Each structure stands twice: as structure tokens, then as C-alpha cells.
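Trainee: Below: one structure in C-alpha cells.
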Amino acid sequence: MYDPIIISQLCKYDDKLLGIPISMTFTVFYSNYLLLNQYNRKIPETWEEMIDTGKYILNEERKKDNNNLTGYIGLFNENERVVYSLYEFIYSFRNSIDTGFPEVGSQPFIDALEMMKTIKNELSSEEEFRSDDSYAVNKIFSGQSIFVKYWILGEPYINGVVYNITTTPGFKKGISSSIVSGYNLGIYKDIDKEKIDAAIVALMNIGSKEIQREFLLKRKLVSSIKSLYDEEEVCNKITECALFKGIQPLNNPFTNSERTDHYSIKFKNYIYEFLYGNKTAQEISQKIIDLTKIYQISINTSDSYIGLISIIVISTIAILMFFSLIALFKENFGPFFTFLSTDFWILSVIGTILILCIPFTNFGNITNTNCYLNSLFHSLGFTLILIPFLYELAIKFPIENIISKRIKKFKYLFLFFFILVDIIWNGLLLIEPFYIEEININDGKNFEVCKAKSTLSKIILIIKWSYLIIIILVTLLLIFTEWNIESTYYDLRFFMAVIYIDILGILLIICFNLIIINNYIIYFLIRECIYLIVAISNYILIYGFRLVFGFIKKKDIRIEFINKINKGFIDDKTELTIQPSTIQSSFVNDFNINSITDNNGTMKNDTNHHYDINITDSIDTGDSALSQNRSIYSKIMYIHFKTKSE
């Protein structure tokens with residue numbers, strides 16, 4: 001029965017009906033019929049016609065020294081309701097009656113802004129264009145404006161003016177727009193139960209078609225029941241039936257927005273920068289778009305090429321890392337990958353790829369799934385990088401112990417334990433999901449980030465990072481104790497560099513999670529660069545450099561191997577022992593590390609000989625020394641200087 005657009009604009013909040021419209025008012029277009037008739041002009045139906053007619057009449061009146069005449073007053077003043085006049089004008093540029101509000105930045109939107117400025121420049125002055133309601137009313141009653149947009153006047157005021165009242169013009173005939181306001185009637189939710197029935201009866205009576213017709217005929221209200229304006233009885237007495245029926249209420253797209261107040265103020269200010277400043281319509285449109293748009297990294301290049309470039313770079317590097325694992329199954333590369341077993345090499349590279357791919361979790365709309373995957377990739381990535389080395393350090397501990405034996409016996413259980421802990425940490429985060437925080441940037445581009453808002457989530461994240469730091473500290477302790485073991489001499493030094501880079505990366509990640517940067521591209525790029533540096537450095541220092549030396553040295557190694565076999569046949573006194581560490585030492589020497597070769601061909605660093613000499617006494621009395629109650633520090637230092645595992 002009631003106009004659905006009026007119901008949605010005036011009577012609903014959060015999609016809930018709060019009442020019914022019992023009376024309404026709306027803006028209309030006042031045309032000075034005395035001046036139109038004098039110059040043989042008709043009431044304009046489009047803004048172009050209004051400008052053409054207004055300019056002609058103004059020029060003619062200026063010739064008669066009528067300098068008080070105004071071309072157009074459109075209620076574009078400084079009060080809080082001016083934004084509705086702006087919406088109304090732009091709404092009149094939609095393509096058809098049934099089309100919604102023109103999209104900000106679209107051609108109809110741009111055309112509306114350009115037309116608004118043209119009207120200001122051609123038919124008004126800046127002071128008149130920004131005049132308040134009282135100025136418009138004075139012009140209506142004095143007849144000193146050709147056209148005015150104002151609220152519809154009731155009787156007897158309407159009978160004393162020299163204006164015809166019609167719907168506002170549009171960008172083409174048949175299109176118009178009108179701001180609608182009015183009074184609603186509803187029932188208070190906390191009303192006493194015994195009064196509810198009476199309130200319902202009153203609401204139904206006042207809102208009924210019969211009562212609305214009665215008050216409409218007495219010109220006490222304007223009804224939003226459009227079918228009344230089809231009744232002969234009503235239209236015989238109410239001459240504005242065609243006007244009331246033809247009203248096209250503004251369909252304000254921002255009515256239910258949570259940011260209505262903030263948006264309206266900014267919207268008005270930006271439009272005024274265009275009307276009274278030097279900004280272009282395109283620039284202003286972009287600033288208005290930025291008010292509500294949530295920017296995101298994606299392969300769509302309309303906003304930025306960063307997403308597309310990032311996907312290409314990360315995907316290419318990840319694919320190269322993955323396919324480089326083929327070298328593990330090539331016989332020529334075998335001597336370079338003896339520190340870990342084949343499956344653990346694969347896991348360490350997969351962990352590196354997970355770290356590399358963390359930026360993908362920041363693509364597109366940020367959801368709880370993105371936040372969860374981000375956390376999971378962090379955990380599993382560092383676990384798969386660190387645990388294979390932690391396992392190898394544990395089983396190669398220089399002093400024979402039961403813990404190393406058990407870890408070696410239950411290799412995959414050891415790995416599974418740490419993966420399970422990661423899954424538990426991240427599973428707990430599902431209890432209290434991440435909060436998607438919207439970062440609103442004044443005169444900038446808004447974006448969203450993941451935040452742990454609840455106390456439980458923050459505690460879980462603190463424990464998770466603390467757990468990772470403990471793993472790193474244990475690994476560092478084992479590296480220190482095994483620092484001089486000949487068979488892993490160079491492996492440990494490369495892995496120590498990995499640990500340093502990972503520590504720095506983790507600290508940077510934590511710091512930048514606490515800092516908000518007010519630029520979504522820089523915010524993304526900083527994090528992406530951290531993950532790229534960490535991932536690529538880990539790959540090169542753990543796996544990549546071995547691959548390079550595998551390509552460079554594989555021919556030399558085969559020749560050396562054959563020569564040593566031949567030498568073994570010739571010299572019966574020489575015992576042939578070729579250890580993987582021997583081959584590793586030979587190719588690491590290219591880094592200008594001074595080394596010497598013993599009679600068996602084993603590579604030794606000069607420093608190792610120094611360590612051997614210095615701790616000879618300790619080794620000679622090793623058994624008794626270990627049995628003594630020496631301090632932990634002494635034990636660690638004793639193990640630190642050992643060059644061979646027991």
C-alpha cells in the first residue's frame with residue numbers, strides 16, 4: 001500500500017520496520033511562471049533546458065537593470081542536510097527511473113558533478129549557491145529567482161507565490177529526484193502489555209487508507225499511499241495529484257551505512273572542493289571512492305600492479321625451489337646432501353616454500369581463513385625448516401647419551417610431535433577467531449588487517465612465538481656444543497647463519513604486527529620483503545649453495561674418487577677412507593678457508609688442530625673428568641672443543 005522506497009528510506013533501520021509513514025513532505029521545483037510566460041519559455045524538464053532558459057532570462061533582465069534576480073537556488077548550503085541535496089542532484093543523473101544511485105566514479109556521477117558546477121557558474125554566484133533556507137524562502141515569496149528547489153509549501157502559502165510546482169529536472173526527460181521526509185508512527189517496544197492492543201488499533205486506524213484520504217482531502221498531510229492519487233474524488237480537490245504521484249524519492253544508498261555521519265561530512269567537503277576549488281571531478285570521485293572502499297592486494301591491476309607482480313615473483317621462486325629437489329635423486333649430487341636424509345631435505349625446502357608463500361594469505365578479502373592460514377604457515381614453515389636440523393644435531397651429539405639414541409630410533413615420531421604442537425596452537429586459535437580490523441585512512445586508502453583482540457588469542461600467540469624461540473635457543477645450544485665436530489664443521493656454520501636470519505625475521509614480523517602503516521601497499525610490501533628475504537636466505541644457506549657446488553664440482557669429485565681408488569691399489573700401506581665430509585670439505589674450500597690434508601686425504605681446518613692440541617690433556621683424562629662433578633659450563637665447553645663424536 002505504501003511506497004516501498006519511502007518505507008525503506010524513512011521507516012527502516014538495520015532492515016527492521018520501525019513504523020509507518022503517516023505524513024510526508026518532499027522537495028519540488030519552483031518555476032517563476034511570470035518570467036517564463038513573459039519570455040515565452042516552458043518549464044524545463046532537464047538541467048540543460050534549465051540552464052538555457054535561465055541564462056536567456058537572466059541576460060534579458062540584466063539589460064533592464066534587474067540585478068536582484070537569481071537564476072537558480074538549490075539548497076547547497078552549509079547545514080548538515082546539504083548532503084541530501086547533493087545526493088538528490090546526482091540521483092537525477094541515473095539512466096532510468098528504476099536504476100539505482102549512480103556508482104561513484106561512473107560517467108553519470110562525473111556528469112552530475114560537472115553539471116552542478118556549470119549551474120553554479122552560469123545561473124548563480126558562489127554566495128547565492130551556498131545560501132541557506134531562509135534566503136530561498138525570501139526569493140520564493142519575492143519572486144526574485146527564476147528557479148528554486150525547495151520543500152513543498154502547504155496552503156495558504158502556496159497560493160501566494162508566482163511559481164508553478166513540478167518535479168525537479170533530470171539529465172533527461174522523465175528522470176527526476178526528490179528528497180523525502182516526514183513523520184512515522186510506531187509502537188514503543190517497552191509499552192505495557194495491557195496497552196498493546198489499543199496501540200495496534202490506533203496505528204491501524206491512523207495508517208489506514210480511509211483516514212489518509214480524509215486528511216489528504218483536508219490538505220492536512222501528503223500521503224505516501226500512491227493509489228490515493230488515482231482516485232477521482234481526491235484529484236478533483238487536490239490539483240497536485242500528478243505531482244504527488246510522479247515524485248521519484250531519492251534512493252539514498254548510504255542510509256544504512258555504519259559510517260553515514262562520517263561519510264556525509266567527507267562527501268560534502270569533497271564535493272565542495274570541486275565546486276569551489278580546482279579539483280577535477282575525477283579526482284573528487286576517487287577521494288569519495290576511498291571513503292568506503294576497502295583496498296586489497298589482488299591480481300586485479302585496476303588499483304595496483306603489486307599483486308600481479310608478487311604472484312609472478314613468488315610463484316616462480318616457489319616452483320624453482322620445488323623442482324630443485326630433483327637433485328636429491330641424482331647420483332652426482334649425493335655427496336653434497338649427506339647432512340640430512342632425503343626426506344628431511346624435502347621437508348626443509350617445503351618449509352621454506354611455506355614461508356615464501358605467506359604473502360598469499362594477504363591477497364583478496366581478508367577473512368578469518370586468511371588470518372588462520374597466515375598463522376599456520378608461520379608455524380609449520382619454521383618447524384619444517386628447524387626440526388630436521390634439530391634432529392640431526394641431537395643424534396650427532398658428541399657424547400653418547402640415551403636421549404640421542406631414542407630420538408634416532410623414533411625419527412618420525414620426533415618430527416610429528418613438533419608438527420602436532422603447531423596444529424594444537426593454531427587449532428586453539430579457532431576458539432577465539434581473529435578480528436578483522438578496518439584501518440580507515442583520512443584522505444587515503446582504507447584496508448583490513450588481522451588482529452588478535454581477545455585475551456585468549458593474544459595468550460596463544462605469545463605462547464606460540466615463545467615456543468618457537470625456545471626451539472631456536474635449544475638449536476643454538478646444540479650448535480655451540482658441536483661447533484668443532486669435523487664431519488659437520490661447515491654445515492653448522494651455514495646453519496648458524498640461517499638461525500641468525502630467522503631470528504631477525506621473526507623479530508621484524510612481531511614488530512610490524514604491532515605497527516600499523518597507513519598505506520596498504522607499503523604495509524604489504526614490507527611484510528612480503530621480510531618473507532622473501534627469510535625464505536630465499538634459508539633456501540640458499542641450507543640447500544641452494546650445495547646445488548650450485550654440485551653443478552660446479554661434480555666432475556672433479558668423480559676424478560678425485562677414481563684417483564684415490566687407483567692409489568689404493570698401488571699403495572698397499574694407504575688405507576682408503578672417503579667420507580662424505582671429505583667431499584663437502586673440498587668444495588667449501590672455495591670460500592678461501594685455509595685447510596690441510598692428512599695422510600689419509602681427510603680435510604682438516606687449522607683451527608681444529610689447535611683445538612686438538614689444547615684439549616689433549618682433557619681427552620687423555622676424559623673418562624675420569626666426566627665422572628667428576630664438574631660444572632655445566634665446563635661440560636659444555638669440553639664438548640664444544642671436541643672434534644669427533646663418540
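Trainee: Work through the residues other than ASN362 whose Cβ is under 9 Å from its Cβ and net out their charges, Lys, Arg +1 and Asp, Glu -1.
Mentor: Overall, the nearby charge balance is 0.
Trainee: Do any trypsin sites (Lys or Arg not before Pro) in the stretch 94-188 lie in a DSSP loop with no more than 12 other beta carbon atoms within 10 Å, and if so, which?
Mentor: Those that pass, being in a loop and sparsely packed, are LYS173.
Trainee: Rounded, prolate or oblate: which fits the stretch 307-410, taking a ≥ b ≥ c as square roots of the Cα gyration tensor eigenvalues, rounded meaning a/c under 1.5, else prolate when a/b beats b/c?
Mentor: Oblate.
Trainee: Now, a different point. At a threshold of 8 angstrom on Cα-Cα distance, excluding pairs fewer than six apart, so keeping six or more, what relative contact order does the stretch 25-183 reach in percent? Don't jump to the answer; show the numbers that get you there.
Mentor: Working: 248 pairs, mean separation 72.4, N = 159.
That works out to 46 percent.
Trainee: Which residues' amide hydrogens lie under 5 Å from the amide hydrogen of ASN66, considering only partners 5 or more residues apart or on another chain, with H built in the peptide plane?
Mentor: none
Trainee: Enumerate the calculated ³J(HN,Hα) couplings along the stretch 16-30 in order (Karplus 6.51 cos²θ - 1.76 cosθ + 1.60, θ = phi - 60°), each rounded to whole Hz, writing x wherever the residue is Gly or Pro.
Mentor: 10, 6, 9, x, 10, x, 8, 7, 9, 9, 7, 7, 9, 10, 9
Trainee: Which whole-Hz couplings ³J(HN,Hα) result when phi for each residue of the stretch 136-144 is put into the Karplus expression 6.51 cos²θ - 1.76 cosθ + 1.60, θ = phi - 60°, listed in order with x for Gly and Pro?
Mentor: Working through the residues one at a time gives 5, 5, 4, 5, 5, 6, 8, x, 9 Hz.
Trainee: Compute the signed sum of charges (Lys and Arg +1, Asp and Glu -1) over the other residues within less than 15 Å, Cβ to Cβ, of LEU58.
Mentor: Working: positive: ARG41, LYS55, ARG62, LYS63, LYS64, LYS120, LYS139; negative: GLU49, ASP52, GLU60, GLU61, ASP65, GLU122, GLU128.
Every neighbour counted, the sum reads 0.
Trainee: Under the Karplus relation 6.51 cos²θ - 1.76 cosθ + 1.60, θ = phi - 60°, what is the ordered set of whole-Hz ³J(HN,Hα) values for the stretch 351-368, x standing for Gly and Pro?
Mentor: For the stretch 351-368, the Karplus curve yields x, 5, 5, 4, 4, 4, 8, 4, x, 4, 6, 9, 8, x, 5, 7, 10, 4 Hz.
Trainee: Can you tally the net charge around HIS378? Count Lys and Arg as +1, Asp and Glu as -1, for every other residue whose Cβ sits under 15 Å from the Cβ of HIS378.
Mentor: Here the charged neighbours net out to -1.
Trainee: Okay, next question. Once a ≥ b ≥ c are taken as the square roots of the eigenvalues of the Cα gyration tensor of the stretch 450-493, is the result rounded (a/c under 1.5), prolate (a/b larger than b/c) or oblate (a/b not larger than b/c)?
Mentor: Here the stretch 450-493 falls in the prolate category.
Trainee: Ok, one more. Describe numerically, in nm with one decimal, the distance between label points set 7 Å from Cα along Cα→Cβ at GLU432 and at ILE462.
Mentor: 1.0 nm
Trainee: Arrange PHE215, PHE549 by Cβ neighbour counts within 10 Å, fewest through most, would you? Please list the in-between numbers first.
Mentor: Details: PHE215 15, PHE549 20.
Ordered from fewest to most neighbouring Cβ atoms within 10 Å, PHE215, PHE549 come out as PHE215, PHE549.
Trainee: In terms of modelled amide H atoms, which long-range or inter-chain residues lie less than 5 Å from the amide H of THR168?
Mentor: PHE29, SER177
Trainee: Note down the nm distance, to one decimal, between modelled labels 7 Å out along Cα→Cβ at ASP111 and at ASP98.
Mentor: 2.0 nm
Trainee: Next up: May I ask you to sort SER85, SER454 by Cβ crowding, counting other Cβ atoms within 10 Å and putting the fewest first?
Mentor: Fewest to most other Cβ atoms nearby, the residues stand as SER454, SER85.
Trainee: Mind sorting LEU461, LEU308 by how few other Cβ atoms lie within 10 Å of their own Cβ, fewest first?
Mentor: LEU308, LEU461
Trainee: Between TYR305 and ASN269, what is the label-point separation in nm under the 7 Å Cα-to-beta-carbon projection?
Mentor: Calculated label separation equals 3.4 nm.
Trainee: Here's another thing I want to ask about it. Using only the alpha carbon atoms of the stretch 25-183, find the Kirkwood hydrodynamic radius as the inverse mean reciprocal pair distance, in angstroms to one decimal.
Mentor: This gives a value of 15.9 Å.
Trainee: Using modelled backbone amide H atoms (1.01 Å from N, in-plane), which distant-in-sequence or interchain residues come within less than 5 Å of GLU448's amide H?
Mentor: Amide H neighbours of GLU448, under 5 Å, 5+ apart: ILE439.
Trainee: Nearest 0.05, what FRET efficiency do TYR13 and ILE191 give at R0 = 25 Å with Cβ-Cβ as r? Walk me through the numbers before you get to the answer.
Mentor: Numbers: r = 19 Å, r/R0 = 0.74.
Here the calculated transfer efficiency is 0.85.
Only the coordinates and a few stated rules stand behind these numbers; no lab work does. All values derive from a computational prediction rather than experimental measurement. Please note: Cβ atoms are built from the backbone with ideal geometry, for glycine as well, and neighbour counts cover all protein chains shown.
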